[in-house]
Amino acid sequence: MNTNQSRDELFDRHLRGELTEVEKELVAELLDSDAAARQRFVALAQWDTEIAETIREHAGTPHNKDILPSGKALVESPSAQKTLLSQFVTLPTVAVFIVLLSGLLYQQMSTFFAPVEKTPHSQIAGSPIATITGFKGSLLWTGNQGAIVLDMHVGRELTGGTIEGLAPDSWFELQFQDGSTATISGTSMLTFADVGQKKLRLKQGAFTADVVPQPVGKPMIIQTPSTVIEVVGTRFEVEALQAFTTVNVREGSVRLKHLVDGNAVDIPANYRVIAKAGGDLSPMPLPAAENYWKSQLDIQAGGFGKWLPATKNRPAAQKALPLIPVNNPNVSLSLLSIPVSGRNGPPVVLTPNAQFIVRGRLQHPAKIYFGIAMSYGNGEFAGMFRGDLLKKQPISEFDEEHGFEVIYQLSDFTVDPCVREKQNGLAGKPDGLYLDRLWIFTNTGSSSGLMVHEVELIPEKIK
Amino acid sequence: MEDRDNKKARVLKAAFGCRTELLAYARSLLGNFAAAEDAVQEAMVVVMNKYDQFQEGTSILAWCRSIVRFEALRAKRRYQKEQSLAQQLVDDAVDAAFDEFQVGRNHDETASRREAIRHCLERLNDRGRAVLESRFADGLGYKQIGDQLGMTIEAVRKSLFRTKKQLHSCVESRLRVTS
């Protein structure tokens with residue numbers, strides 16, 4: 001083939017997501033350096049799309065808005081379907097509180113936009129193993145055959161698959177056929193299956209579960225990027241973030257296996273293990289809860305948003321990213337979140353007169369909203385709350401660097417709209433509960449340039 | 001009120017008229033037809049709700065493209081937590097290329113081209129059409145097409161190139177004749 005043919009073939013494969021990283025760089029270089037190549041690329045993309053549309057119309061390709069064909073990587077990745085050959089003994093049926101801070105995903109889903117696989121609806125249906133019992137916010141459900149399901153509603157039956165929370169205020173509750181329930185909240189990704197034994201894989205984020213006694217020899221298995229946990233029947237919370245795994249056990253005990261070296265450990269009540277590569281798995285007593293907390297963005301990245309290291313002119317910051325809720329495409333938020341409890345530090349409990357001080361920058365005057373996610377002492381998800389600045393909004397007073405400081409009083413917090421209709425079992429107010437994470441956003445329809453340098457929790461009002 | 005309704009109708013009609021161009025752009029960013037269709041569909045919802053922000057007299061295609069870009073990035077964020085540097089570079093280059101060279105077609109022109117493609121597709125030989133359909137409708141790779149049609153990868157590659165070229169020539173001739 002001559003050079004032009006090779007170039008066209010490269011462009012053709014680019015349109016189908018078939019390029020390697022090296023080939024992508026080559027395409028970028030070609031386009032950057034050669035106007036004729038840019039013109040050819042646009043013409044070819046246009047021509048290719050005209051042919052594709054015509055052929056697809058001719059072939060009668062179904063355009064089903066509810067079930068869209070998607071790539072295979074999400075549900076067919078080896079790690080996601082790996083059989084868990086755990087040899088753990090079973091665990092006592094008591095409530096435990098587990099917080100896991102874990103490493104990055106084993107596999108980026110970089111091949112998600114792979115060539116479309118035609119999936120007949122009949123194959124997707126399968127036998128339902130769970131039912132949606134509650135959901136709010138931006139969520140994406142991907143069924144076992146890689147079908148993305150946009151039509152989420154309470155009562156919908158699901159086969160195994162992956163549920164993904166796309167925003168810090170996302171919320172999803174699922175009930176298995178045996179009555180066990182699982183809830184994810186925040187930016188999370190949970191894959192689950194039940195073929196006689198429940199197997200869950202928390203790739204990222206947080207979920208809680210209330211598990212009825214499981215069949216003998218078939219405990220629920222929860223896998224995170226770096227650990228495996230077995231549960232016979234209990235109530236617990238799991239949170240997977242980055243780099244390492246922390247397990248806090250409040251009651252009963254849990255057996256944790258570290259995937260890197262195969263070591264396993266039983267963690268008794270009120271003990272913690274921080275599992276990281278080459279680290280010690282010895283359980284340590286849980287630190288007592290504290291009422292004061294301050295973010296440490298200079299040494300600790302994580303959460304939702306773009307982390308910016310400190311510069312001469314500004315401290316390290318979490319910058320808000322644009323987010324359009326799946327169920328409300330007319331809304332465009334600038335949003336960031338910061339995790340709180342469950343890391344190396346002690347758990348954080350809110351007092352009735354607590355207040356949050358937020359320091360950051362904002363390019364334009366805007367209303368700044370503040371949300372928190374809470375859990376009970378046993379780790380069960382307790383709810384989400386929205387802070388209010390009452391009449392002090394929008395924030396329009398800045399220093400010369402566009403910096404701002406605002407204070408949210410806990411007494412002004414109300415139940416977050418996204419869980420307001422699902423209040424059974426959830427707390428009506430946040431004081432006395434454990435703070436899991438917080439998020440801050442603007443809703444201006446365009447980027448507000450929101451970034452936060454620091455969030456500080458003060459137990460009492462500043463006089 | 002009537003002015004607003006009229007503007008809405010004008011903007012929507014113009015935006016839907018650019019659908020193929022927007023799909024081409026979305027495919028260039030997403031590398032997947034179904035995902036691109038999704039992004040364009042989401043973008044159209046945004047257009048429907050934000051039509052009053054469009055400044056008449058400016059390019060509807062450029063305005064819609066900026067919305068599609070946002071939707072495409074949102075889709076990418078959903079599935080690819082972090083984009084590689086190469087992906088970011090190619091996305092920026094693609095964006096610049098479309099800004100520079102993409103032009104919209106009017107309705108009649110689009111309709112004529114579509115009719116010409118349909119006409120010419122029917123004139124392809126069975127093997128060529130099968131290869132093309134496998135690639136464009138089923139989204140198969142060279143190897144999968146080869147396995148399905150009993151061809152080597154190289155034969156698939158050559159057949160695709162020849163068939164597309166043949167189709168292109170046929171469409172251009174047809175358009176010349178009909179015009």
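Taken together, the values in this text are just the output of simple stated rules run on the coordinates, not laboratory data. The structure displayed is predicted, hence computed values, not measured ones. Note that each Cβ is placed from the backbone with ideal geometry, even for glycine, and that neighbours are counted across all protein chains shown.
Before anything else, pin down the relative contact order of the range B:44-162: Cα pairs under 8 Å, at least 6 apart, normalised by residue count, whole percent.
14
For the range B:92-150, which chymotrypsin sites (Phe, Trp or Tyr not before Pro) pass both filters: DSSP loop (anything but H, G, I, E, B) and at most 15 other C-beta atoms within 10 Å?
none
Which entries in B:Lys13/B:Lys165; A:Lys306/A:Lys429; A:Lys199/A:Lys257 show an alpha-carbon gap greater than 21 Å?
On the way: B:Lys13/B:Lys165 32 Å; A:Lys306/A:Lys429 30 Å; A:Lys199/A:Lys257 15 Å.
Flagged as over cut-off: B:Lys13/B:Lys165; A:Lys306/A:Lys429.
Taking chain B as the region of interest, what is the percent of Cα-Cα pairs per 10 angstrom bin, listed from the shortest bin to the one with the maximum distance?
Spelled out bin by bin, chain B gives 9, 27, 32, 24, 7, 1, 0 percent.
Going down the table (B:Lys8/B:Lys50; B:Lys76/B:Lys143; A:Lys319/B:Lys76), which pairs top 21 Å between alpha carbons?
On the way: B:Lys8/B:Lys50 9 Å; B:Lys76/B:Lys143 26 Å; A:Lys319/B:Lys76 19 Å.
Going by Cα-Cα distance, B:Lys76/B:Lys143 fall outside the 21 Å limit.
Taking 0.36 nm per intervening residue step and subtracting the Cα-Cα distance, what contour gain separates B:His119 from B:Ala62 on full extension?
Stretched fully, the B:His119-B:Ala62 segment lengthens by 17.4 nm.
Please find the FRET efficiency linking A:Lys306 to A:Val331, where r is the Cβ-Cβ separation and R0 is fixed at 30 Å, and quote it to the nearest 0.05.
That gives a FRET efficiency of 0.90.
Can you give me the distance in nm between label points at B:Gln55 and B:Lys165, each placed 7 Å from the Cα along the Cα-to-Cβ direction?
Here the modelled spin labels are 4.6 nm apart.
Near the amide H of A:Gly161, under 5 Å away, which other amide H atoms are found, from residues 5 or more places off or on another chain, if H is placed in the peptide plane?
The answer is A:Phe192.
With +1 assigned to the C-beta of every Lys and Arg and -1 to the C-beta of every Asp and Glu, and no other charges, what is the dipole magnitude of the range A:3-59 about the Cα centre in debye, to the nearest 20?
Working: 7 positive and 14 negative charges, 19 e Å.
Magnitude of the dipole: close to 80 debye.
Calculate, for A:Asp388 and A:Ser127, the FRET efficiency according to 1/(1 + (r/R0)^6) with r their C-beta to C-beta distance and R0 41 Å; round to the nearest 0.05.
The value I calculate is 0.35.
Add +1 for every Lys or Arg and -1 for every Asp or Glu among the other residues with Cβ under 14 Å from the Cβ of A:Ile440, and state the total. Present the calculation step by step, with values, prior to reporting the outcome.
On the way: positive: A:Lys306, A:Lys319, A:Arg359, A:Arg361, A:Lys367, A:Arg386, A:Arg437; negative: A:Asp169, A:Asp388, A:Glu405, A:Asp416, A:Glu454, A:Glu456.
Cβ neighbours under 14 Å give a net charge of +1.
A:Ala275's amide H: which non-local residues (gap 5+, or another chain) put their own amide H closer than 5 Å, with H modeled 1.01 Å from N in plane and none for Pro or chain starts?
Amide H neighbours of A:Ala275: A:Thr245, A:Thr246, A:Val247.
7 Å from Cα along Cα→Cβ at both A:Asp399 and A:Ser6: what's the point-to-point distance in nm?
Using points 7 Å along Cα→Cβ, the separation is 5.7 nm.
May I have the convex hull volume per residue, in Å³, for the Cα set of the range A:351-451?
About 100 Å³ per residue, rounded to a whole number.
What cysteines in chain B have no other cysteine with a beta carbon less than 4.7 Å from their beta carbon?
Those would be B:Cys18, B:Cys64, since no other cysteine Cβ in chain B comes under 4.7 Å of theirs.
Give me the number: length gained by fully extending A:Gln363 to A:Val195, i.e. 0.36 nm times residue separation minus the C-alpha to C-alpha distance, one decimal in nm. Could you put the intermediate results ahead of the total?
Details: separation 168, 0.36 × 168 = 60.48 nm, distance 5.19 nm.
My answer for the length gained is 55.3 nm.
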